[in-house]
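Okay, structure first, notes after.
The values are calculated or read from the model by the stated rules, or taken from the named source; none is laboratory data. On a predicted model such as this, the values are computed, not experimentally measured, just so you know. All Cβ positions, even for glycine, are placed from backbone atoms using ideal geometry, and neighbour counts span all protein chains on display. Note: areas computed on protein heavy atoms with side chains; ligands, DNA, RNA excluded. Shrake-Rupley method; radii C 1.70, N 1.55, O 1.52, S 1.80 Å.
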Amino acid sequence: MMNFNRFILVCLIGSLIILGCKERCVDSDNSNNSDVLKTTVAHFNTVIATVDSNNGIVFSSNIGDMISNWETEINYSEINVDFDDYFIEQNNSKYYIIAKDSTSNSTSAVELVLENGSFYERSFPGQTVTSPPLGETCTCSGCESTGPGTGKECQPRGDDGGWYCTDCSQGTCTKSVTFKVGGGLIAI
């Protein structure tokens, strides 16, 4: 009986040591910088932006082409956009590239994945198992509100339930979600 208890104790301690080592090994392999978030969310392979040594965001050199491609994909729907501003925003522990068209009062968002200091466009499964992955864009437009305190109106937001647009005090905020094989920001 004493040998059986020792055997169980040795197995338990051995398991704890192995699990502890596995956890340390995974952390050390992911990144040397503990401030860089490692995710396991599916994404396309084109780098949209990177985090520099001062935690600033540096967009890819071809970001202008990516933004133009994004506009083209949205313009296939009933909304016409010409973005005049874009930036990366964190909301509810998720990252988004946000683009604004001040002329049409439209704001669009694409979810990003931050992995090892680089931002990538998140990819979503296609219609079937063999379908290529899709990029997903949400555009909120049509709000006529202006003035102090209206800056956060009619903005695309995402949560576990999907995309939604924040409220609008004047006018109607309309949501449009578009899907693109190969991504909304990048072309295949």
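Things worth noting here:
- Note on residue 52 and residue 124: with the Förster distance fixed at 25 Å, the Cβ-Cβ geometry gives a FRET efficiency of about 0.30.
- Largest to smallest in accessible area, the residues 78, 89, 121 fall in the order 78, 89, 121 (1.4 Å probe, all protein chains included).
- Put a dot 7 Å past the Cα of residue 159, heading toward its Cβ, do the same for residue 93, and the two dots end up 1.4 nm apart.
- Using a Förster distance of 30 Å, the FRET efficiency for residue 61-residue 172 (Cβ separation, nearest 0.05): 0.20
- Accessible area of residue 72 in the full protein assembly, 1.4 Å probe (Å², nearest 10): 60
- Surface analysis of the range 69-188 yields an accessible area of 50 Å² per residue, using protein heavy atoms and a 1.4 Å probe.
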